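Read through the structure below, which is laid out as structure tokens, and then see the notes.
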Amino acid sequence: MPVKTVESDKMMRKVMGVFVANRLFSVSGDEAKGATVTIAHEALISQWKVIQDWIQREEQLIQAKRECEAASEKWHAHKKDDLLLLTTPASLAQAEDLMICWPRCLSSRVCEFVSNSFKKKTRKYLLLRVVGVIAGLLCLVRQLAIACSSDLLQRVWESGVYPGSIEEYE
């Protein structure tokens, strides 16, 4: 797992330091470039639910990162076509998790792709709101037209003069 994912959590780094010092975890690579923490004893994984959940969460983030990178590359290759941006709630939630958990592990291209996906979502939401307001106004105008025409028909009926009737021309 990249060390950068836990940099913001001082307690987690302290715990990891204790585990590394006791050779339960090992660290490889340069922290500045994203060192990797490896669990040294299989028993820790099989017997400790918290670590199992932690590993599962990191695996999900790694998969989401790969998917997001692939989608980003496709988006860039197709000249940033809006149709290729993330649109589903699940894909947007995964991208948001990546931006929160691994912000420094994402390339500028991926960050641009995710940012544009959220902008598109915001534009779509605003457009739906505008359409909803317009639809509401149209319903109101329709109801007013019905009320006015009903009143007009009532007055015409009471007058006994109907448009197009012979009495109208006499």
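Where a number appears in this text, it was derived from the coordinates with a stated rule and is not lab data. As the structure is a computational prediction, the values presented were derived from the model and not from experiment. As a convention, Cβ positions derive from the backbone with ideal geometry for all residues, glycine included, and neighbour counts pool all protein chains shown.
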How big is the Kirkwood radius of the stretch 37-156, worked out from every pair of different alpha carbons and given in Å to one decimal?
18.4 Å
Structure shown: which of K74/K124; K14/K49; K65/K119; K74/K121; K10/K65; K79/K121 lie over 27 Å apart, alpha-carbon to alpha-carbon?
none
Could you calculate the FRET efficiency of K120 with I62 from 1/(1 + (r/R0)^6), where r is the beta carbon distance between them and R0 is 30 Å, rounded to 0.05?
0.75
Along the stretch 108-123, what does the Karplus equation 6.51 cos²θ - 1.76 cosθ + 1.60 (θ = phi - 60°) give for ³J(HN,Hα), rounded to whole Hz, x for Gly and Pro?
5, 5, 5, 4, 5, 4, 5, 4, 5, 5, 5, 5, 5, 4, 5, 4
What FRET efficiency do you get for A77 and S149 if R0 is 35 Å and r is their Cβ-Cβ distance, rounded to the nearest 0.05?
0.05
Assuming 0.36 nm per residue, please report the length gained on full extension of the stretch S28 to D97 beyond their Cα-Cα distance.
22.4 nm
